[in-house]
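Notes for the one structure printed next.
Derivation of every value follows stated rules applied to the coordinates shown; laboratory data play no part. Keep in mind the model is a prediction, meaning the values are calculated, not measured. Using ideal geometry, Cβ is built from the backbone for each residue, glycine included, and neighbour counts are taken over all protein chains shown.
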Amino acid sequence: MTTTENPVRTEAEWLETARDVAAKLAVDAVERDRANQTPHREVQLLKDSGLVTLLGPPEHGGGGQSWETAYRVTREVARADGSIGQLLGYHYLWAWAARLVATDAQIAAVEELYTSNKLFFGGAVNPRDSDLTITDEGDEIVYNGHKSFSTGSKVSDLTVLEGVLSGTEDHIFAIVPSKQDGIVFHDDWDNIGQRLTESGGVSITGVRVPWESAAGYVDKAFRPLTYNTLNVPAIQLVFTNFYLGIAQGALETALAYTRDRTRPWPYGGDDKESAAQEWYILDAYGDLQAKLWAVEALTDKAGAAISAVLHAPREDLTPAARGEIAVLIAAAKQRAIDTGLEIGTKIFELTGARASASQYGFDRFWRNLRTHSLHDPVAYKRREVGAYALLNEIPEPTWYT
């Protein structure tokens with residue numbers, strides 16, 4: 001057994017660590033966004049800080065923290081850099097993938113491996129593409145296919161694969177080393193936002209996995225639980241938290257600029273000495289801050305709810321409880337998107353014309369949130385909440401619900 005020294009930290013100390021990491025990322029966030037380079041140094045910072053092992057078992061050097069803390073840590077990092085916040089949040093979800101579907105022995109092996117070595121996860125599990133094809137070759141299964149998106153690709157140590165066993169409807173997850181001949185990551189992620197997430201395509205050719213490592217399978221059979229379906233609401237709340245972090249970062253950056261640089265308008269008939277005295281600026285910032293506080297409260301409520309069931313015995317989760325949590329997360333996600341996009345646009349009116357200079361990079365907040373919030377239509381999240389409120393219906397588990 002490998003054990004890594006890692007001093008026990010409280011939730012408050014982990015959040016302080018996240019703020020320290022964010023402060024380092026904020027120094028050159030604009031330049032790094034513009035350069036659009038693979039974030040090897042940034043991921044190493046996450047490893048060196050210990051944040052990658054926050055959810056890992058303490059006996060292997062992990063933090064042993066809750067998902068409630070992981071969500072808040074993701075948000076803190078995203079305040080400085082939305083891309084790195086997304087990478088960290090996805091890492092937490094994929095690091096938990098074994099707990100979602102695997103056997104006890106598989107969970108123990110995966111958690112010791114990634115925690116003691118501070119390994120970083122990526123995932124090739126885009127549901128909108130055709131599934132990877134899996135063939136059964138006796139003691140092994142073999143993955144083949146292509147995925148359009150594989151977030152974390154070239155900075156990952158481990159990749160989560162998902163596919164369908166040929167001739168069946170059985171989906172099989174497996175965790176494999178990212179650096180192998182059968183996995184080729186493509187340099188085709190060139191979007192307007194979340195530019196450092198390494199979310200390009202991947203080709204999977206002849207990746208072999210022992211049946212004993214097929215997550216949750218015993219004697220080539222899988223026993224499903226409602227708990228297995230928590231991957232979607234869990235990652236939807238990851239989205240919500242880095243959206244919220246991006247929005248917080250945008251508002252904080254704009255407030256600082258207005259205090260230090262924005263000039264008052266001299267033609268209003270009631271000239272002010274500073275922009276901070278302008279009534280329309282105070283009114284708008286007050287509106288945005290109030291909306292942001294409301295999103296924070298709703299997001300924290302959702303985080304507490306799903307964290308409680310993620311850390312409870314897997315057999316205890318009922319479809320009804322899962323559905324109510326999914327609705328709460330859907331509500332938080334839609335409010336984070338709407339408020340974040342409003343902030344990303346409105347800050348230009350409150351900072352002034354000079355703030356549109358590319359050296360400030362204020363546009364990155366809107367670009368980042370707009371890019372990822374297209375992941376799945378927010379209208380469907382509103383519909384889920386509406387169906388619950390009006391008809392008392394809970395959403396059925398799907399790849400997006």
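Worth pointing out:
- Summing Cβ point charges (Lys, Arg +1; Asp, Glu -1) relative to the Cα centre of the range 7-136 gives a dipole of roughly 340 debye.
- Counting only Cβ charges, +1 for Lys and Arg and -1 for Asp and Glu, the dipole size of the range 234-360 around its Cα centre is about 320 debye.
- For the range 365-401, chymotrypsin sites (Phe, Trp or Tyr not before Pro) meeting the loop criterion (DSSP other than H, G, I, E, B) and having at most 16 other Cβ atoms within 10 Å: Trp399, Tyr400.
- Taking amide H as placed 1.01 Å from N in the peptide plane, the amide H of Val207 sits under 5 Å from that of Tyr143, each at least 5 places away or on another chain.
- Pairs spanning more than 30 Å between alpha-carbon atoms, out of Lys220/Lys301; Lys179/Lys301; Lys24/Lys346: Lys220/Lys301; Lys179/Lys301.
- Comparing Leu45, Phe120, Trp211 along the charge dipole axis of the chain, the residue lying farthest to the positive side is Leu45, per the Cβ-charge model.
- Annotation for Ser356 and Ala387: the two label points, set 7 Å from Cα along the Cα-Cβ direction, are 4.3 nm apart.
- The length gained on full extension between Gln277 and Phe348, counted as 0.36 nm times the residue separation minus their Cα-Cα distance, comes to 23.8 nm.
- Here the chain is assigned +1 on the Cβ of each Lys and Arg and -1 on the Cβ of each Asp and Glu. Its dipole about the Cα centre then comes out at about 920 debye.
- The range 32-191, relative contact order in percent, only Cα pairs under 8 angstrom and at least six apart counted: 17 percent
- Calculated [222 nm] ellipticity per residue, helices only, for the chain: -16500 deg cm²/dmol; basis is -39500 (n - 2.57) per DSSP H run with n ≥ 4, divided by all residues, nearest 500.
- Of all DSSP beta bridges confined to the chain, the antiparallel ones make up roughly 75%.
- Once the Cα-Cα distance is subtracted from the 0.36 nm per residue extended length, the Val27 to Thr135 segment shows a gain of 34.1 nm.
- Given charges at Cβ of Lys, Arg, Asp, Glu: the chain dipole, positive-most of Tyr257, Thr240, Gln334: Tyr257
- Put simply, when 202-215, 245-258 are sorted by average Cβ atoms within 10 angstrom per residue, most first, you get 245-258, 202-215.
- Of Asn144, Ala35, Tyr92, farthest towards positive along the dipole that unit charges on Lys, Arg, Asp, Glu beta carbons give the range 1-152: Ala35
- Hydrophobic, long helices, defined as DSSP H runs whose alpha-carbon span along the helix axis is 15 Å or greater and whose mean Kyte-Doolittle value is at least -0.5, occur in the chain at 11-27, 82-95, 104-117, 231-260, 279-310, 319-351, 378-391.
- Amide H contacts for Glu140 (H built 1.01 Å from N in the peptide plane; partners 5 or more residues away or on another chain; cut-off under 5 Å): Trp211.
- Treating each Cα of the chain as an identical point scatterer and summing with the Debye formula, the log10 of I(q)/I(0) at q = 0.08, 0.13 Å⁻¹ comes to -0.44, -1.10.
- Applying 1/(1 + (r/R0)^6) with r as the Cβ-Cβ distance of Thr205 and Asn36 and R0 = 30 angstrom yields a FRET efficiency of 0.65.
- Paramagnetic label zone (point 7 Å from Cα along Cα-to-C-beta, Ala109; backbone N under 20 Å) in the range 213-231: 213-224
- Put the Cα centre of the range 307-336 next to the Cα centre of the range 221-280 and the gap is 24 Å.
- For the range 98-138 versus the range 165-198, the inter-centroid distance based on Cα atoms is 12 Å.
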